[in-house]
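Below is one structure, written out as structure tokens; the observations come after it.
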Amino acid sequence: MSLPFCNVALPIPLRTTFTYAIPDSLRDSVQPGTRVLVPFRNKSLVGVVVECVQHAPPATKIREITKTIDFLPALTPKLLELAHWIAGYYLAPVGEVFRTMLPPVTELRTQRQIVLTESGRSGDEKEAASLSLHPHQHSLLSYLCEKGGVIPLTSAAKLGVESAELQRLRRVGLIEIRESMLGRKTKTQRVIAWKDVHANPEDSAPPPILDEKTERVRSALQARGPLPQAQLLRIIQLSRNVIERMLREGLLESWEERIDPAEDPFDVGYVPPAHELNSEQENALKLVRARFELGEFGVLLMHGVTGSGKTEVYMRAVQDTLARGKTAIILVPEIALTLWIGRQCRAWFGARFEGVAVLHSALSDVERAREWWRVRNGEARVVVGTRSAIFAPLENLGLIIVDEEQESSYKQEETPRYHGRDVAIVRAKMENAAALLGSATPSLETYHHARTGKYELLTLASRVEKRAMASVEIVDLREDFSKTHQTSPISAALHAGIQECLAQKTQALVLINRRGYSWSVLCRNCGASVQCENCSISMTHHKQRNRLECHYCGSLKPIPKQCPKCQSKYVYFFGEGSEHLEERLRKEFPSARIARLDRDTARTKRQFQETLGAFAGGALDILVGTQMLAKGHDFQRVTLVGVISADSSLSLPDFRAAERTFQLLTQVAGRAGRGELPGRVLIQTYYPEHYAIQDAVKQDYSAFYERETQFRRAMAYPPFTSLANVIVRDTNLEKAIRWSRQLSEYFSPHDGKGLRILGPAAAPLAKLKREHRFQFLLKSPKRSLLAKILGGAMTYLDLKEIPETAVLVDMDPLSLM
């Protein structure tokens, strides 16, 4: 019997649901997980039905649902359960959680279809009689058989079958009802792959002798993986007839692939798997398969050095998952990686394997909705994407892979402030699936769980094909200054190294983790710096644009000719950024081909691709950039990597500063010597004694882990303590102070009772985007106690009439800024 009311979660910052009446005409289509259009105050909102109920709250005016958005519930029961966990753990309104999980509501051209199931096809008359089907329902099933098992939903009405009768056929498993996206025609491209990628390694027959043109094609495809035909022809410098001939001869395979907005036409940074496992990879895969055999939830950490072939193990694990009739999700930290992994899946599982869906924010709303519904309808069995792809509505999930699990991009910095890696583990547990985490520099929390036995540890200690790691050297800038008496960002050792690269016609990569020309503008007379009016931070000098910029709120100012505080004309530009470094390199190496890659020069993805493509193709000698160059790219001719101001992040007021420094330097060290040429890394620092730098030089993760965990244990930081960061904010300073004091009154009685409370104090960024900010830091060895106290704090806000939007709660924060 259909229930008359339902509770709906709306995408608003309120931690409650709203009760609506279900009109008789919608009783059979409103179910938990269905999106509905409802009136709310003076407007209409799209919400998600959380549950259907018998009674409405007393003394409340109940309004009716306007219409349903989906015939099939958009969210599965497991995703509804996951949404409630996220709302509870991260103290987020469940409606905002649903908004994050669901695809955009767009004006898609859709056709609802009735699909005959296997049970419907094989059902005999005796079974139909036992179900007491109406004659109209019999007619519908017969008509479906005649039409090949798929008809438009509108055909049911023409046959006299009402909505309730359709829903009954669906519940007993005779039919399915699907949303088919008609949408606008999408552009596609032809992708070419070498066909013997699955050659049997046990086959002892010698490979066939290929002519020169065929060998050129084979080399290009085996070196880079499947490529769009236009790009392949540019690389091999041959006509299309050669490709057509090889396709006819069965040496190549091809397929049509939608042109993805995230596509990188240069395919830089992509190293296709070799399809031959070394002993370490074989052992790692055996342990993954053993987890599959157990058929129960488990988390595995694959700790492999840069270039150790983790992608190869991922692909084989997914292949095994599909063979068991289950589905898989692959999470990657950057949008650019989604296309490469998706294409690798197609190369692995066959050119006509259409079961790969790609989900990320660079897709248009229409494309995201289309891909999402492909997954919901069971048309895709593998989902590749960034953080939000963890909410893909796959059923029968068997494996979730999180590549580069330590990346901060997995943490959402707006409500709900969830961590994609942690949500992946929780979802794997709910689905009784395996979670496979991979990294060369795992987060301390993850590695601690592996060391203590909570996760299973898989180790890949060497690079594929036995390639050597790059040699890493420290350049002590104190000694360099005592010898040269110059304050150049380019040390004597780095200058000599770049000269050697230019002489040998190899390439150099120079990393500086600050953009702009100068960090700040100082007055030599009074010492004041030019601050942003909206944020408590110095503005950065951008010389080419001839202005000052705030990198937090985006505000702009002209370059001052005199100090705004004391009107002195002695204005000094302090510190070097990437723009300054590029200018200095051009002066010191006037004949070198130099480019800079940061958020200022790569405003569009095309600019980003063109610069990286020029460097990968050998059109540049030196590439200067920020941390976007530190990982994920595979430049074969880079023999030197220089790191300017390697210790700059160590001075930040954040307990993760050493960890981030170590991870960044280790990833940078992995950029040199990726090909056959040996690599060298020079790390410039004023603090060479720091263990994060010393261990990064040795690329010794275990030593860093041991030293850093001693500090974390002594100071009660993760992984030994659960942490929550609470920010009270408002544009009115008096309100922010008053609300902070009121919240402190709630927290104070709990301090020292299994919980340590620091604050309130001005946040490190005391003002951000015009809002004054005060911070509480809560520590507890028991995460459950932390959640209980914070849940009580949310109730306390209501009692004191403090707006919920004025208080940000960040569970397991990655940054305390």
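For the pair Ser409 and Arg713, label points projected 7 Å from Cα toward Cβ lie 3.5 nm apart. Charged neighbours of Leu397, selected by a Cβ distance under 15 Å, balance to +3 (K, R count +1; D, E count -1). Please grab the % of Cα pairs in segment 391-531 that end up more than 18 Å from each other. Of all Cα-Cα distances in segment 391-531, 76 percent exceed 18 Å. Loop-located trypsin sites (Lys or Arg not before Pro) across segment 487-518 with a Cβ neighbour count of 16 or fewer within 10 Å are Lys505, with loop assigned by DSSP. Only one item in (1) 29.9; (2) 28.0; (3) 29.1 matches Kirkwood radius over Cα pairs in Å derived from the coordinates shown, and that item is (1).
May I ask for the distance between the Cα centers of segment 386-410 and segment 411-429, given as a whole number of Å? Here the answer is 9 Å between Cα centres. Once the other residues with Cβ under 11 Å from the Cβ of Ile65 are scored (Lys, Arg +1; Asp, Glu -1), what is the net sum? In short, +3.
Available extension along the chain between Asp211 and Thr484 is 92.5 nm, counting 0.36 nm per residue and deducting the alpha carbon span. Computing FRET efficiency as 1/(1 + (r/R0)^6) for Thr60 and Ala528, where r is the C-beta to C-beta distance and R0 is 45 Å, gives about 0.20.
Given their separation in residues at 0.36 nm each and the Cα-Cα distance between them, Cys145 and Cys566 gain 142.9 nm when the chain is fully extended.
All other residues whose Cβ lies under 13 angstrom from that of Ala21 are scored, Lys and Arg at +1 and Asp and Glu at -1, for a net of +1.
The Cα center of segment 524-540 and the Cα center of segment 11-81 differ in position by 50 Å. With a Förster radius of 60 Å applied to the beta-carbon distance between Arg190 and Arg783, the computed FRET efficiency rounds to 0.70. Remark: spin-label model distance Ser702-Arg547 equals 5.3 nm, labels positioned 7 Å along the Cα→Cβ axis. Taking 28 Å as the limit for the C-alpha separation, the pairs Lys310/Lys454; Lys310/Lys698; Lys78/Lys769 exceed it in the case of Lys78/Lys769.
A simple spin-label model places pseudo-atoms 7 Å from Cα toward Cβ; at Ser25 and Leu799 they are separated by 4.7 nm. Pairs of Cα atoms nearer than 8 Å and 6+ residues apart set the relative contact order; for segment 421-572 it is 11 percent. In this calculation the C-beta distance from Leu37 to Leu733 is compared with R0 = 30 Å, giving a FRET efficiency of 0.15.
Taking amide H as placed 1.01 Å from N in the peptide plane, Val681 has its amide H under 5 Å from the amide H of Ser471, Val472, Glu473, Val641, each at least 5 places away in sequence or on another chain. Listed by chain and number, the lysines whose alpha-carbon sits under 17 Å from that of Lys158, ignoring those within fewer than 8 places in the same chain, are Lys147. Restricting the trypsin sites (Lys or Arg not before Pro) of segment 286-348 to loop positions (DSSP other than H, G, I, E, B) with no more than 14 neighbouring Cβ atoms within 10 Å leaves Arg324. Scoring 93-100, 148-155, 470-477 by mean Cβ neighbours within 10 Å over their residues and listing the highest first yields 93-100, 470-477, 148-155.
The separation of segment 464-506 from segment 753-814, counted between C-alpha centres, amounts to 45 Å.
Close amide-amide hydrogen proximity is noted between Ala763 and Arg773, Phe774, Gln775, each under 5 Å apart and 5 or more residues distant or on a separate chain (H modeled in the peptide plane; Pro and chain starts excluded). In a fully extended conformation the segment linking Arg234 and Arg599 would gain 128.5 nm over its present Cα-Cα distance, using 0.36 nm per residue. For segment 674-728, the list of GluC sites (Glu not before Pro) that fall in a loop by DSSP and count at most 14 other C-beta atoms within 10 angstrom reads Glu676, Glu689.
Bridgeable lysines around Lys767 (alpha carbons under 30 Å apart, same-chain partners fewer than 8 residues away excluded): Lys411, Lys543, Lys557, Lys561, Lys565, Lys569, Lys735, Lys779, Lys788, Lys800. Over the chain, DSSP H runs of length four or greater, each weighted -39,500 (n - 2.57), average out per residue to a 222 nm ellipticity of -10000 deg cm²/dmol.
Sorting His419, His55, His580 on solvent-accessible area from highest to lowest, probe radius 1.4 Å, gives His55, His580, His419.
Proximity of backbone amide H atoms, modeled 1.01 Å from N, is registered between Leu153 and Arg112, Gln113, Ile114 at under 5 Å, excluding neighbours fewer than 5 places apart on the same chain.
Taking every C-alpha pair closer than 8 Å and separated by at least 6 residues, the mean separation divided by the residue count of the chain gives a relative contact order of 10 percent.
Pairs of Cα atoms nearer than 8 Å and 6+ residues apart set the relative contact order; for segment 10-61 it is 35 percent.
The values are calculated or read from the model by the stated rules, or taken from the named source; none is laboratory data. Keep in mind that this is a model prediction, so the values were computed, not measured. Counting neighbours? That spans all protein chains shown, and the Cβs are built from the backbone with ideal geometry, glycine included. Protein only, heavy atoms only, side chains kept; ligands, DNA and RNA dropped before computing areas. Shrake-Rupley method; radii C 1.70, N 1.55, O 1.52, S 1.80 Å.
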